[in-house]
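Working notes for the structure below.
The values are calculated or read from the model by the stated rules, or taken from the named source; none is laboratory data. What you see is a predicted model; the values in this text were computed from it and never measured. Cβ coordinates were reconstructed from backbone atoms using ideal geometry, including for glycine residues, and neighbour counts include every protein chain displayed.
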């Protein structure tokens with residue numbers, strides 16, 4: 001069947017068959033997606049068995065709550081960021097800290113503090129290297145920005161996240177920090193580990209068929225918001241990780257791999273009330289001023305809340 005014939009046929013199903021007012025945007029998107037899928041079936045000679053196995057795969061991925069993992073794994077979440085970067089550039093918005101993917105593991109409602117927060121609950125002190133991370137949030141003119149909200153979350157030494165891992169305490173390794181009068185934020189935590197897709201899960205099943213691994217380097221997520229500025233969704237990846245530049249979710253970017261300093265000087269240990277060496281990461285954050293008429297930087301998606 002020719003592509004033009006497929007377009008006519010699918011229009012008869014999606015548009016012409018409507019017998020009451022339709023949502024025009026939903027109709028437009030479904031028409032395009034069904035048309036493109038039918039063309040792929042025709043061009044690739046996808047069999048009925050292959051089609052139904054694909055549908056069963058998506059059903060299983062949904063049952064396992066892995067669609068939010070699958071989207072970054074096949075590059076779709078990264079593609080959305082690329083489009084958002086292009087839209088910002090066209091609107092004349094530039095110069096901020098790079099955005100990168102949110103991932104599926106944010107939880108709303110983390111405890112809030114001013115200037116400094118302790119993220120970890122102390123349960124892995126004997127397993128993990130202590131981490132102190134700090135930086136300044138700058139406004140669009142390069143001035144320190146007081147009262148910006150820095151939400152931060154990351155995995156434990158097993159690569160697991162609280163809330164989704166019920167063995168962890170509530171909001172372990174999750175906090176919201178309001179920058180002080182100098183625009184500074186800082187926190188004490190532990191060095192996170194990366195994680196791999198569930199080895200028996202839907203995402204890894206597809207990645208294996210594609211000849212790919214399903215591992216992420218150790219990383220720390222951020223949401224940063226402030227009045228008059230666009231929300232920043234970003235993360236830093238831990239320098240030196242085996243998968244640093246081979247992130248299965250394609251989230252490692254230049255500018256988001258700050259150096260890790262390992263501190264053993266007795267004066268610094270005492271200053272931080274530590275009796276063993278610790279890691280330190282400096283990460284300044286530059287926000288972009290919001291602009292009338294620019295596409296919204298907010299993403300409306302379902303998120304967990306504890």
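Checking the conditions here, which among 120, 126 is under 22 Å from residue 264 (Cβ atoms), at pLDDT 95 or above and part of a loop (DSSP other than H, G, I, E, B)?
One residue alone meets the criteria, 120.
Condition first: more than 22 Å from the chain's Cα centre (by Cα), loosely packed, with under 13 Cβ neighbours inside 10 Å, free of Cβ contacts under 8 Å to residues at least 60 places away in the same chain and more than 22 Å from residue 139 (Cβ to Cβ). Now tell me which residues in segment 263-303 satisfy that.
Result: 264, 265, 266, 267, 270, 271, 273, 275.
Is it the case that some residue within segment 286-302 is in the same structural domain as residue 161 (by TED's automatic domain parsing), under 29 Å from residue 125 (Cα atoms) and at pLDDT 95 or above?
no
Pairs, please: C-beta under 9 Å, at least 6 apart or cross-chain, first residue free of Cβ contacts under 8 Å to residues at least 40 places away in the same chain and outside the structural domain of residue 114 (by TED's automatic domain parsing) and in segment 187-215, second assigned to a helix (DSSP H, G or I) and surrounded by fewer than 20 Cβ atoms within 10 Å (Cβ to Cβ)?
Pairs that qualify, where the first residue is free of Cβ contacts under 8 Å to residues at least 40 places away in the same chain and outside the structural domain of residue 114 (by TED's automatic domain parsing) and the partner is assigned to a helix (DSSP H, G or I) and surrounded by fewer than 20 Cβ atoms within 10 Å (Cβ to Cβ): there are none.
Looking only at segment 149-182, how many residues end up being surrounded by fewer than 18 Cβ atoms within 10 Å (Cβ to Cβ) and not in a loop (DSSP other than H, G, I, E, B)?
Residues meeting the conditions: 3.
Restricting segment 66-96 to residues that are assigned to a loop (DSSP other than H, G, I, E, B) and at pLDDT 95 or above, which is surrounded by the most Cβ atoms within 10 Å (Cβ to Cβ)?
66
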